[in-house]
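Novice: First the structure, then my questions, so here it is.
The values are calculated or read from the model by the stated rules, or taken from the named source; none is laboratory data. Keep in mind that what you see is a predicted model, and the values were worked out from it rather than measured. Glycine also receives a Cβ, built like all others from the backbone with ideal geometry; neighbour counts cover every protein chain displayed. For accessibility, only protein heavy atoms count, side chains too; no ligands or nucleic acids. Shrake-Rupley method; radii C 1.70, N 1.55, O 1.52, S 1.80 Å.
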Amino acid sequence: MKDHPGPGQSSPVTGPDRPGPHALIVGGGASGVLAAAHLLRRDPQARVTLVEPRDRIGLGLAYSTSDENHLLNVRAGNMSALADDPQHFLDWLAKAGHDATPDCFVRRRIYGEYLADLLSVWRGGHPARFRRAHGICTGLTEGPFGAVATFADGTAQLADHVILATGHTQPRPAEDTALQPAWDPLPRLPAEASVLILGTGLTMVDQVLSLLDAGFEGCIMAISRRGLLPRAHRPTTPLRLGPQDIPFGAPTRALCRWLRTLAQTAEGKGGTWRDAMDGVRPYVRRIWRSLPPVERARFLRHGQRWWDIHRHRMPPCSEARLRAAMTDGQLILLRGDVLRVDRSGTGIRAIYRPYGAGSTAALSAAVAIDARGLRGRPADSPLLAGLLHDGTARMDPLGIGLDIADDGSLIRADGTPSPHLSAIGPVSRAAFWEVTAIPDIRIQAAALAERIATVHRG
Ligand SMILES: Cc1cc2nc3c(=O)[nH]c(=O)nc-3n(C[C@H](O)[C@H](O)[C@H](O)COP(=O)(O)OP(=O)(O)OC[C@H]3O[C@@H](n4cnc5c(N)ncnc54)[C@H](O)[C@@H]3O)c2cc1C
């Protein structure tokens with residue numbers, strides 16, 4: 001880990017030498033930066049080390065795009081890093097000279113700049129309370145008073161608390177894959193070529209907008225099992241719901257029925273289903289926690305796609321461009337299961353089973369882009385795989401992610417919560433479900449900061 005003594009230089013293990021908790025955060029994407037900012041604000045004695053291999057912090061996967069077409073899918077007014085200071089992002093935008101209203105959808109690149117700037121106030125000062133370290137964490141070992149993190153360069157560091165903010169794990173693509181990952185830059189394509197996009201969610205929307213903006217005039221085919229598009233944002237007035245209104249613990253089927261009725265209630269009052277979704281949103285985490293594993297599995301099988309297209313909406317301007325491309329016949333939505341994609345000549349050939357059909361069909365294109373979303377598992381991260389292997393962590397009952405306690409603590413293989421290791425953001429998704437968007441992560445960050453500060457004070 002750069003900025004830190006390596007083995008042989010001095011003691012490879014260093015520890016806090018001043019009062020106040022020292023938190024080491026693994027991962028400097030949005031979640032890591034939010035966790036750091038909340039802890040530094042909450043406890044004036046706290047010190048934070050943020051470990052990230054990328055050159056810049058705050059960007060992670062979502063905000064490292066430089067494509068001006070890639071917009072936030074949440075209104076600027078809801079993207080403050082601090083839930084108790086909803087103006088914070090808007091004020092930053094104004095200071096940075098960007099025109100913005102609370103209802104607009106800002107470029108993701110600009111949001112990355114905001115996050116990168118968030119910790120700058122703590123960078124100076126003597127002694128510095130915030131330190132950014134460049135490196136990859138490869139292991140964590142718990143001790144009685146904290147945890148030791150080891151790094152790819154052989155160094156190690158002791159902290160009172162370690163926060164895992166490693167985000168979206170990505171499966172390493174097979175060497176011979178014919179699929180182009182959606183996060184990689186698009187190759188140059190002849191104007192008349194065809195492009196196949198696997199997936200019809202928000203990542204597909206990004207890809208289509210990038211292609212259109214690059215002047216691509218060929219045919220774009222987007223395919224998913226149901227061919228469902230994310231819905232678009234419209235003005236909403238969230239229903240005012242209290243905990244007593246929520247059927248916690250009801251089976252998935254009953255929950256879906258309840259949500260549909262709620263949407264009808266909203267429409268009956270002159271609103272839209274969005275008012276129901278947004279009213280329920282503050283309770284999603286508790287609803288998910290109240291479901292037994294069998295019901296969570298049922299939701300993933302039958303409800304997830306439906307939930308995602310209503311919950312994760314696209315900006316109206318993106319929707320308008322997409323609809324125009326569909327009307328022109330340039331963008332074609334297909335329903336079907338892609339069975340395989342092979343290289344063929346200078347392009348690709350995909351075999352798929354159209355929805356409801358008994359037989360298969362083929363599609364040819366210059367390139368096939370994998371926009372099926374984030375499909376990684378903890379085992380795809382060497383760090384998380386190691387924690388699972390040595391019992392420092394365990395998988396959740398469904399085997400989709402880490403098992404995490406209500407307060408964010410990692411649950412060990414023996415079922416006990418760790419007092420020194422926590423998780424935040426998408427790495428804790430199996431336990432909380434809706435912890436991928438900033439309005440949810442910032443609440444998690446505030447709660448974690450409160451806990452670390454309180455526990456340390458003793
Ligand atoms: C394309 C996309 C668009 C989105 N748009 C929005 C939006 O408009 N509004 C919204 O609210 N939410 C949005 N989200 C959701 C949300 O903001 C992200 O889920 C959020 O950025 C998650 O951040 P993260 O830091 O947890 O994960 P990541 O962005 O994945 O970052 C994790 C970081 O951890 C580092 N890391 C991993 N392992 C290690 C290790 N062993 N040692 C050191 N570092 C490590 C990685 O290098 C990476 O930088 C979007 C998500 C995506 C993917």
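Novice: Mind pulling up the Rg/Rh value for the stretch 244-392? Radius of gyration and Kirkwood radius, both on Cα. The partial results should precede the final answer.
Specialist: Values: Rg = 20.5 Å, Rh = 19.5 Å.
When Rh is taken as the Kirkwood radius, the ratio is 1.05.
Novice: In whole Å, how far is the Cα centre of the stretch 431-450 from that of the stretch 185-240?
Specialist: 28
Novice: Same structure again: Going by average Cβ neighbours within 10 Å, how do the peptides 352-364, 109-121, 151-163 rank, with the highest at the top?
Specialist: Numbers: 352-364: 12.5, 109-121: 18.9, 151-163: 21.4.
Those peptides, ordered most packed to least, come out 151-163, 109-121, 352-364.
Novice: Once the other residues with Cβ under 13 Å from the Cβ of residue 209 are scored (Lys, Arg +1; Asp, Glu -1), what is the net sum? Don't skip to the end; give the middle numbers.
Specialist: Numbers: positive: 107, 108, 321, 323; negative: 67, 68, 206, 213, 319.
Neighbour charge sum, excluding residue 209 itself: -1.
Novice: Let me ask you something else. Give me the 1.4 Å probe accessible area per residue for the stretch 161-216, excluding ligands and nucleic acids, in Å².
Specialist: Values: 2590 Å² over 56 residues.
For the stretch 161-216, the per-residue accessible area is 46 Å².
Novice: Would the stretch 155-290 count as rounded, prolate or oblate if I go by the C-alpha gyration tensor, calling it rounded below 1.5 in a/c and otherwise prolate when a/b exceeds b/c, oblate otherwise?
Specialist: Details: a/c = 2.56, a/b = 1.36, b/c = 1.88.
Judged from the Cα gyration tensor, the stretch 155-290 comes out oblate (a/c at least 1.5, b/c at or above a/b).
Novice: Pull up all non-local amide H partners of residue 130: gap of 5 or more, or a different chain, and H-to-H distance under 5 Å with H placed in the peptide plane.
Specialist: Under 5 Å from the amide H of residue 130: 48.
Novice: Roughly how many Å² is the accessible area per residue of the stretch 330-397, as a whole number, for a 1.4 Å probe? Display every interim value, and only then the final one.
Specialist: Details: 3630 Å² over 68 residues.
Heavy-atom SASA per residue in the stretch 330-397 reads 53 Å².
Novice: I would also like to ask the following. By per-residue mean of other Cβ atoms within 10 Å, what is the highest-first order of 280-288, 337-345? Display every interim value, and only then the final one.
Specialist: Values: 280-288: 17.6, 337-345: 13.3.
Result, highest mean Cβ count within 10 Å first: 280-288, 337-345.
Novice: Name the long-range amide H neighbours of residue 401: under 5 Å, sequence gap of 5 or more, or other chain; modelled H, no Pro or chain starts.
Specialist: Distant-sequence amide H within range of residue 401: 396.
Novice: Okay, moving on. Can you check what the Kirkwood hydrodynamic radius comes to for the stretch 268-323, Cα pairs only, in Å to one decimal? The partial results should precede the final answer.
Specialist: On the way: mean 1/r = 0.0751 Å⁻¹.
Hydrodynamic radius (Kirkwood, Cα only) of the stretch 268-323 equals 13.3 Å.
Novice: Would you mind checking the tilt of helix 202-213 against the longest principal axis of the Cα atoms of the chain, expressed as 0 to 90 degrees and rounded to 10?
Specialist: The helix 202-213 is inclined about 70 degrees to the chain.
Novice: Measure nothing but the geometry: give the 0 to 90° angle between the long axis through the Cα atoms of 252-268 and the longest principal axis through the Cα atoms of the chain, rounded to 10°.
Specialist: 70
Novice: What area, in nm² and to one decimal, does the C-alpha convex hull of the chain cast on average over all directions? Don't jump to the answer; show the numbers that get you there.
Specialist: On the way: hull surface 97.8 nm².
So the Cα hull casts an average projection of 24.5 nm².
Novice: Report the local net charge at residue 441: Lys and Arg +1, Asp and Glu -1, summed over other residues whose C-beta lies under 12 Å from its C-beta. The partial results should precede the final answer.
Specialist: Working: positive: 285, 429, 442; negative: 434, 440.
Net charge in that neighbourhood comes out at +1.
Novice: Leaving out ligands, DNA and RNA, and with a 1.4 Å probe, what % of the accessible surface on the chain is carbon or sulfur? Present the calculation step by step, with values, prior to reporting the outcome.
Specialist: On the way: 11050 of 21150 Å².
That share works out to 52 percent.
Novice: Using each residue's phi in the stretch 394-406, evaluate 6.51 cos²θ - 1.76 cosθ + 1.60 at θ = phi - 60° and report the 3J(HN,Hα) Karplus result to the nearest Hz, with x for Gly and Pro.
Specialist: 9, 6, 6, x, 8, x, 9, x, 5, 8, 10, 6, 3
Novice: Rolling a 1.4 angstrom probe over the protein chains, ignoring ligands and nucleic acids, what is the accessible area of residue 450 in square angstrom, nearest 10?
Specialist: Number for this one is 80 Å².
Novice: Just the accessible area per residue of the stretch 225-275, please: how many Å² with a 1.4 Å probe? Could you put the intermediate results ahead of the total?
Specialist: Values: 3130 Å² over 51 residues.
Result: 61 Å² of accessible area for each residue.
Novice: Taking H placed 1.01 Å from N in the peptide plane, check which residues at least 5 places from residue 314 or on another chain put their amide H under 5 Å from its amide H.
Specialist: Residues meeting the amide H criterion: 231, 232, 233.
Novice: Now for a different question. Quick check on packing: order 53-63, 389-399, 91-101, 201-211 by the mean number of other C-beta atoms within 10 Å, highest mean leading.
Specialist: Working: 53-63: 18.9, 389-399: 15.5, 91-101: 13.0, 201-211: 22.3.
Highest to lowest by the protection proxy: 201-211, 53-63, 389-399, 91-101.
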